[in-house]
1. Under a Cβ-only charge scheme (Lys and Arg +1, Asp and Glu -1), can you give me the dipole magnitude of region 122-213 about the Cα centre, in debye to the nearest 20?
2. Between residue 36 and residue 58, take the C-beta separation as r, use R0 = 30 Å, and let me know the FRET efficiency to the nearest 0.05.
3. So if I place +1 on the C-beta of Lys and Arg and -1 on the C-beta of Asp and Glu, and nothing else carries charge, what would the dipole magnitude of the chain be about its Cα centre? I want it in debye, nearest 20.
4. Please build a GNM for the chain, connecting alpha carbons under 10 Å apart, and tell me which residue among 173, 133, 37 fluctuates the most.
5. Apply the Debye scattering formula to region 312-368, with a single equal point scatterer on each alpha-carbon and no solvent, then give log10 I(q)/I(0) at q = 0.18, 0.28 Å⁻¹.
6. How high is the relative contact order of region 251-373, given as a whole-number percent (alpha carbon pairs under 8 Å, six or more residues apart)?
7. Of 123, 60, 92, which is farthest along the charge dipole of the chain in the positive direction, counting Lys and Arg as +1 and Asp and Glu as -1 at C-beta?
8. Within region 223-325, report the GluC sites (Glu not before Pro) that DSSP leaves as loop and that have at most 16 other Cβ atoms within 10 Å.
Amino acid sequence: MLSQVWALTVTKEVSGPELVDVNETLQVSIEVESDEPFLLERVEDEIPLHFVAVDFPSGCEQTGGELVCNFGYEVDRAVVNYRLRSVDVGYGVFGSPRVYYEGGVKTADYLRPYFVGRPKVDLNLEGNSTLLPGEDVVVSVELSNPGAKPLPVVVLTLNYTGGSLEEELSLSPGESLRKSYVLGKAGKEGGMDITATASWGNSSTEKEFSVLYIYPEITVERKVAPIWRVEEGELRGRVLVTYRLSNRGTASGNASFLSGRSLELSPGETKVVREVFSAKAPAEKVSITDARGSSYGTFYFPEETPELKKGFLALLYEGVGSSIPSWLLLALLAGSLFFSTRFDNPTIKAGFFLLALVSAVLLYSQYSVGALP
């Protein structure tokens, strides 16, 4: 039995770096020594939350958060060697072991920090990938430290078409930072290539992002032509105005008519607008804008009064087509086509084909003036 408690010494050593990655191991050595033999009951050592004990001697087992090694015999020196394998990202301290012997408990004054998880930076770069001329080129950079150790110096560098900038930041474990940067104004053509680089120590990570400058390019054409319409049983001359709008640009745009109509055109889209007036085409102004309302020009069209001359179809309807019911012309067309297949004589077949053609032309003259029911 030990007569002097102070003759018993307990030491502990954890060999390896303070910073380890998941699944790496550290060597632990606990030594108990006395000037005289004593009855050693057991040695207990706390296992930190982010580790498990491996390669420990027989007679030891991990129970809960501790490694317990049972002895129960007299020694003057005992050594417990085992390894700690990291299983999760985090940080903390290694504490002191407890030695139970006949007559009391002895411990060691041991504390050592640890960090599991290599320091790293997750980098993300975002922004609008398409911009209209004059809009700010804005990118958002998100930096986060998923590791277990602070990063006191992280250098963020943005290289972009026409310039660069650099900023020094720091990141605590688990911290995320989001910063926005204005890199200039969008032009009418082209774009901007952006590269963000985060550097810490001897490591770095990089992200790329591209912005495309887009704009609407809408053209407006107008055609004015006389047409004839049957209204209240009478053939009357009218003026047909046709607007053809085409967007050859890379962004959507709006076309606003002074008379009140408004159209939106996507890139590559064409729209046709038709209006009918009694005697003349009024003056019109069409303003072109982008989605923000910024102007891209105006098309002006003067007042036009075309000569209301009857064309062939209008004259044909007025002279012949108006006097024959459309149902009769349709019956003649169907019957002529049917009987043209029932005769082998070329002359008869040609006659039926001619009758079908005349019926079709008269029907079309009715259609052209809006006389079909």
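Derivation of every value follows stated rules applied to the coordinates shown; laboratory data play no part. Quick caveat, the model's predicted, so the values are computed rather than measured. Because the Cβ atoms are built from the backbone with ideal geometry, glycine has one as well, and the counts that use them run over all protein chains shown.
1. Dipole about the Cα centre, nearest 20: 80 debye.
2. It comes out at approximately 0.70.
3. That gives the chain a dipole magnitude of about 3620 debye.
4. 37
5. With one equal scatterer per Cα and no solvent, log10 I(q)/I(0) is -0.58, -0.99.
6. For region 251-373, the relative contact order is 19 percent.
7. Most positive-ward Cα: 123.
8. Hits after loop and neighbour filter: 232, 269, 303, 307.
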